[in-house]
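Okay, structure first, notes after.
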């Protein structure tokens, strides 16, 4: 499994790097860290821009300026985890990889349905893979149609062991935690509560935080998890309202990583649930998300009402943490992928799942006592 964290290190990409780390720790996996050569960024950007207009596909097969790699042995499986289609340029650094690989999989996280037609030349790059997974459920059908072959939905996830506050749960001294995109109405209402010293509200204060480069991706995830598991409420919202090429607003309601991360930390999710089936399938337990209006008109009342119901929010916290351990750790996504391609699960994967279930059982006992 190649990884490009050495040179492509935006904070928003660290969740997928975390997914790679989980399987690398549990399976018989070689994680191949690709490296950039001087001048790589300029060459990469030029190739990306030109490839949109290249029907021949020649440019899509060019190494964008990485140190070339040649595989030294044969592999049953190659897994390429991409944030977007343009990341596939990096795979060109691995020379003649098809000669060394039995089965190949592309896990493409971010592809919005409305963008599929505009990627018509890029889509051909997916033809080199035996299996394609996509992170947005609403994109699976249009992408399958465009490719002329099945494309499968791969839900998001989280390192539930890293994010879980158990077995030694810390004090939740942060009242509300907001990270990434936000609704300004909700944000301004919470700022009002913070100014009145009614809550401790932790939020981003710098622009483009998601594109900032962490010094170390694993340390970044550790810090994020440690803050989340000390937060009582965690703000969430579905993706995404985006302008299409004609300037109209297109809504594709998707279940983003924030839901998995906040729930795994045992925080109470506050925001809006996605309207598609992904949410009802993945978060089908009581009080998984407490709904508030995007304009923020009811957030103050909702927070005050919930604070006045400590047993209810404690139960919600326990359920979120328990269900995340049982269903949303990255290892369950890897299990789905391995089973799909017909590979048996290595002992490390089954050992991790056992550890997750054991920890979840201790939370279940607390949940029953609260109930």
Quick check: anything in the range 298-311 in contact with a strand residue (DSSP E or B) (Cβ under 6 Å, 6 or more places away or on another chain) and in contact (Cβ under 8 Å) with a residue 24 or more places away in the chain?
no
Could you check the range 102-117 and list, in sequence order, the residues that are modelled with pLDDT of 95 or more and surrounded by fewer than 19 Cβ atoms within 10 Å (Cβ to Cβ)?
102, 103
Answer yes if at least one residue in the range 12-31 is touching a residue at least 12 places away in the same chain (Cβ under 8 Å), touching a strand residue (DSSP E or B) at 6+ places or on another chain (Cβ under 6 Å) and assigned to a helix (DSSP H, G or I), and no otherwise.
yes
Is it true that some residue in the range 23-37 is within 15 Å of residue 334 (Cα to Cα) and under 16 Å from the mean Cα position of the chain (by Cα)?
yes
Please give the helices (runs of 4 or more DSSP H) falling wholly within the range 152-240 in which 3 or more residues are within 30 Å of residue 25 (Cα to Cα).
160-163, 217-228
Which one of these is modelled with pLDDT of 95 or more and assigned by TED's automatic domain parsing to the domain that holds residue 135: 46, 33, 61, 51?
33
Considering each of 54, 109 in turn, give the residue that is in contact with a helix residue (DSSP H, G or I) (Cβ under 8 Å, 6 or more places away or on another chain), over 25 Å from residue 152 (Cα atoms) and touching a residue at least 40 places away in the same chain (Cβ under 8 Å).
54
In the range 206-225, what count of residues is obtained for those that are under 23 Å from residue 191 (Cα atoms) and either touching a strand residue (DSSP E or B) at 6+ places or on another chain (Cβ under 8 Å) or modelled with pLDDT under 95 (or both)?
5
Considering the range 178-191 alone, what residues qualify as being surrounded by fewer than 15 Cβ atoms within 10 Å (Cβ to Cβ) and touching a helix residue (DSSP H, G or I) at 6+ places or on another chain (Cβ under 9 Å)?
181
Residue hits (the range 261-277; within 17 Å of the chain's Cα centre (by Cα) and either under 21 Å from residue 356 (Cβ atoms) or assigned to a strand (DSSP E or B) (or both)) are 261, 262, 263, 264, 265, 269
Please go through the range 57-77 and pick out each residue that is more than 15 Å from residue 124 (Cα to Cα), without any contact (Cβ under 8 Å) to a residue 40 or more places away in the chain and surrounded by fewer than 16 Cβ atoms within 10 Å (Cβ to Cβ).
67, 68, 70, 72, 73, 74
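The values are calculated or read from the model by the stated rules, or taken from the named source; none is laboratory data. Since this is a predicted model, take the numbers as computed values, not measurements. Cβ sites come from the backbone with ideal geometry, for glycine too, and all protein chains shown count toward neighbours.
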